[in-house]
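The values are calculated or read from the model by the stated rules, or taken from the named source; none is laboratory data. As the structure is a computational prediction, the values presented were derived from the model and not from experiment. Cβ sites come from the backbone with ideal geometry, for glycine too, and all protein chains shown count toward neighbours.
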Amino acid sequence: MEHSFIAWVKQRAARLPKVKLGIGDDCALIGGESMDLGQSDLVITTDSLCDGTHFILTECGAQAAGRKLMAVNLSDLASMAAAPLSIFLSLCLPRENAGDIAAGVFEGVYELADKYRVAISGGDTNVWNGPLVIHMTALGKVATGGSWLRSGASPGDAIVVTGKLGGSILGKHLAFEPRLELATELHRFGAVSAATDISDGLGIDLLNMTVASKCGAEVWLDQVPISDEAQQLSKTSGRSPLEHALGDGEDFELLLAVPQEKLASLPREILGVPLTRIGTFVTRTGLWSKDKTGVKQLAPKGYVHG
């Protein structure tokens with residue numbers, strides 16, 4: 001439902017006034033000339049998390065849910081090489097223990113706001129008879145040189161991912177570190193032509209990038225970095241570690257396009273986080289996998305949030 005709804009909304013909004021970059025990327029861009037941001041664009045992203053879909057309140061607690069909400073928004077900013085400025089937090093609280101839950105969510109948000117020096121600038125609070133729903137809007141400032149978009153990949157560019165993938169349900173989806181500092185370092189190299197973060201799953205997010213860039217992608221299956229959690233999960237799930245790495249989602253690592261001529265200048269790791277080439281963007285549209293058996297079509301599997 002999520003992806004078809006976004007496509008419908010984008011089509012319906014096409015005749016309305018437009019910002020510099022609207023629906024379809026990780027964040028929107030609004031020109032900063034009239035906002036005392038100099039030539040920098042203002043980056044805006046928004047996310048909602050729901051008890052039962054993105055976290056289970058009785059298992060993780062309100063503070064972990066709040067931290068995840070903040071980290072998800074910061075991950076979107078990182079995927080566009082933006083520095084966070086400010087956030088707005090809104091809560092729909094269940095009537096039972098509303099005060100304790102609200103305080104817990106705030107403490108989780110505050111943890112990362114304090115670490116990354118982000119202003120908590122406002123929001124809204126409501127109480128209702130449903131489960132906990134938390135919402136955040138985050139604002140960031142694009143670094144000098146411009147932001148990364150999903151639409152910048154070209155055939156021949158290398159596909160690069162940060163970190164290791166899969167098995168996020170075992171805890172990483174609640175406790176991950178948004179790649180803000182890594183993105184800042186990467187941006188200085190000037191080697192990234194397109195980017196997104198891996199939230200829905202490597203397959204789906206890579207497909208989104210190819211659609212935006214009007215090209216295809218060939219993934220080298222033996223090069224996909226697989227997490228220890230994916231290895232562990234595969235022992236009981238009936239799925240291989242590679243299947244978990246390709247489709248579990250909520251890794252919140254960065255997925256990058258790097259031109260061939262700049263690949264040699266890219267470090268193998270930054271701030272202790274490995275950077276791994278896993279394939280190539282190609283002229284043939286769609287997703288393709290390559291292993292010792294040859295090249296075949298790759299289904300874009302991932303975690304669908306509703």
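Of all the residues in the range 268-306, those that are free of Cβ contacts under 8 Å to residues at least 24 places away in the same chain and not basic (K, R) number 5. Listed by first and then second residue, the pairs with beta-carbon distance under 6 Å, at least 6 apart or on different chains, first residue in the range 52-78 and modelled with pLDDT under 95, second assigned to a helix (DSSP H, G or I), form an empty list.
So that you can scan it fast, the table gives a plain yes or no per residue for (1) under 26 Å from L21 (Cα atoms); (2) within 17 Å of the chain's Cα centre (by Cα):
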site	(1), (2)
V133	no, no
G146	yes, no
R150	yes, yes
S154	yes, no
G163	no, yes
S168	no, yes
I198	yes, yes
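Output the residue which, of all residues in the range 122-156 that are of a type in the set (G, A, S) and not in a loop (DSSP other than H, G, I, E, B), is nearest to M70 (Cα to Cα). Per the stated criteria, the residue is A138.
Among the residues making up the range 117-150, those that are under 25 Å from E181 (Cβ atoms) and loosely packed, with under 15 Cβ neighbours inside 10 Å are R117, A119, S121, T144, G145. Of the residues that make up the range 218-233, is at least one modelled with pLDDT under 95, surrounded by fewer than 17 Cβ atoms within 10 Å (Cβ to Cβ) and more than 18 Å from I169 (Cβ to Cβ)? No, there is no match, as no residue in the range 218-233 is modelled with pLDDT under 95, surrounded by fewer than 17 Cβ atoms within 10 Å (Cβ to Cβ) and more than 18 Å from I169 (Cβ to Cβ). Would it be correct to say that L89 is crowded, with 20+ Cβ neighbours inside 10 Å, in a strand (DSSP E or B) and either at pLDDT below 95 or not assigned by TED's automatic domain parsing to the domain that holds L174 (or both)? In short, yes.
Hey, does the range 27-43 have a residue that's modelled with pLDDT under 85, surrounded by 10 or more Cβ atoms within 10 Å (Cβ to Cβ), among the polar types (S, T, N, Q) and in the same structural domain as P84 (by TED's automatic domain parsing)? Yes, the range 27-43 has at least one match. Checking each residue in the range 234-257 for being under 16 Å from A299 (Cα atoms) and surrounded by fewer than 22 Cβ atoms within 10 Å (Cβ to Cβ) picks out R239, S240, L242, E243, G247.
Being in a strand (DSSP E or B) and of a type in the set (A, V, I, L, M) is the filter here, so list the residues in the range 97-121 that pass it. Correct list: A119, I120.
For G302, the conditions (1) outside any loop (DSSP other than H, G, I, E, B); (2) under 17 Å from the mean Cα position of the chain (by Cα) are fulfilled apart from (1).
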